[in-house]
1. Using Cα atoms only, what is the angle between the long axis of helix B:166-178 and the major principal axis of chain B, expressed in degrees (0 to 90) to the nearest 10?
2. Pick out, in residue order, every one of the trypsin sites (Lys or Arg not before Pro) in region A:28-104 that is DSSP loop and has at most 10 other C-beta atoms within 10 Å; say none if there are none.
3. Can you pick out the pairs among B:35/B:88; B:35/B:147; B:4/B:157; B:111/B:136 whose Cα atoms lie more than 30 Å from each other?
4. Each label point is 7 Å from the Cα along the Cα-to-Cβ direction; what then is the distance between the points at residue A:56 and residue B:286, in nm?
5. Report the paramagnetic label zone for residue A:3: residues of region A:48-80 whose backbone N is under 20 Å from a point 7 Å from Cα along the Cα-to-Cβ axis.
6. So if I take the centroid of the Cα atoms in region B:71-96 and the same for region A:1-19, what is the distance between those two points in Å?
7. Between residue B:123 and residue B:99, what is 0.36 nm times their sequence separation minus the Cα-Cα distance? Round to one decimal in nm.
8. Nearest 100 Å² is fine: what is the total accessible surface buried where chains B and A meet, probe 1.4 Å?
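The values are calculated or read from the model by the stated rules, or taken from the named source; none is laboratory data. Owing to the predicted nature of the structure, the values given are computational and were not obtained by experimental measurement. Positions of Cβ are generated from backbone atoms using ideal geometry, with glycine treated the same way; all protein chains shown enter the neighbour counts. Quick note on the areas: whole protein, heavy atoms, side chains included, nothing else; ligands and nucleic acids left out. Shrake-Rupley method; radii C 1.70, N 1.55, O 1.52, S 1.80 Å.
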Amino acid sequence: MNLGFVVGVFGVLILSHAAYSTIQYRGLLKIMEEEFSRPPMNVIVELIIGLALCMWAALTFPGKFLSIHPDSDENRAVSLPDNSEFMIFNHRGRLFPPQIDMKF
Amino acid sequence: MVTKTEETELNQFEIQVENGGGGAWEYLCLVRKLKLRRSEKVLKHGSSILNDPRKRSALGPDEWTLNEQVAIAAMDCQCLDVAQKCIKVLQKKFPGSKRVGRLEALLLEAKGLWGEAEEAYSSLLEDNPLDQAIHKRRVAISKALGKPSIAIELLNKYLQLFMADHDAWKELAELYLSLQMYKQAAFCYEELILSQPIVPLYHLAYADVLYTIGGIENLISARKYYAATIDLTGGKNTRALLGICLCASAIAQLSKGRNKEDKDATAALELHSLAAAAVEKEYKQKVPAKLQLVSSVLRSLKI
């Protein structure tokens, strides 16, 4: 988990560095009075690396994913709750009370 | 609705606690959360916690909820002196409380003094006429006295006020089924399906009721709801699969003379054979000894 966190921070830093270099590049182009069509190649490579690192960190950092299928083996409904608010006490079991002694 | 993970967890705790390992408090919390009725075990382990003054003080403020849980479990097992002691403890701690008043009336019910219990509930209702639990207990009293029609009347009045109460709709459906009033039971199940469409067990119960009422439109609807159950459970519900086979053969018998549904006859045949194959596969996996019996039954149901 820690590795995911570190990689995530690293990815965010790379992305912010790419943003800063793009802004600087635009400033440079303004001085040279040229059109700004797209950032230079090294910034694009940096962006792709930052994207890959951030995605990997986002998938590994939160831990185990929970299943969402209603019929998967963990989520399936096994039984409904037994309506204990309507429970009645004159069933056959009342003839066999267990032996419990209370000391308080 | 209890899921499979919760059930396995519950069983693990139960085995652990029965064999003398720790974890009684977690087991009791899980039973309380899932609202299950395991009165003997709750009584045994809850009273063992309450008898031990060290464990009792370790619980802190949860001690009173445990007292309530053990009191209700004791009433279910007919250990009325245990229940009386728990209620006395709670009365000392919370004098004049409505919740304790409800428990006392419940104890009167468990003793079989229906008249006094009814009076106690009416007096509690005067103070707070919108208390859901008290209305439900009055229904339970009529049910225990063997008067399901009065219980149905009270429950209908309750549901006019509190329409979103799933347990009450389920109880009403069961009461109607016990009186064989199938159309009204089907209405209750429709309400349940509308409010909780993801739970496959309601679809299954509705399909069963429709199949019982009979008649060709109901059988076609029942087949649709069995199919919906199979969809929601990923094909693992054997009862729905068998339901489809039975529906298909009943529909075929009823519509022998008429050729109404040509386009859905082919779909019905395919559904029937697929369901039969799935049932046989499951029996082969789980109970191979009974496979022959099942195959012969399914063959006799073939259209």
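1. On a 0 to 90 degree scale, this one is about 60.
2. Listed in order of number, the matching sites are A:64, A:103.
3. From B:35/B:88; B:35/B:147; B:4/B:157; B:111/B:136, over 30 Å: B:4/B:157.
4. Once both label points are built, they end up 4.5 nm from each other.
5. Residues A:49-65 fall inside that zone.
6. Cα centres, region B:71-96 to region A:1-19: 59 Å.
7. Full extension from residue B:123 to residue B:99 adds 7.3 nm.
8. In total, this chain pair buries about 3900 Å².
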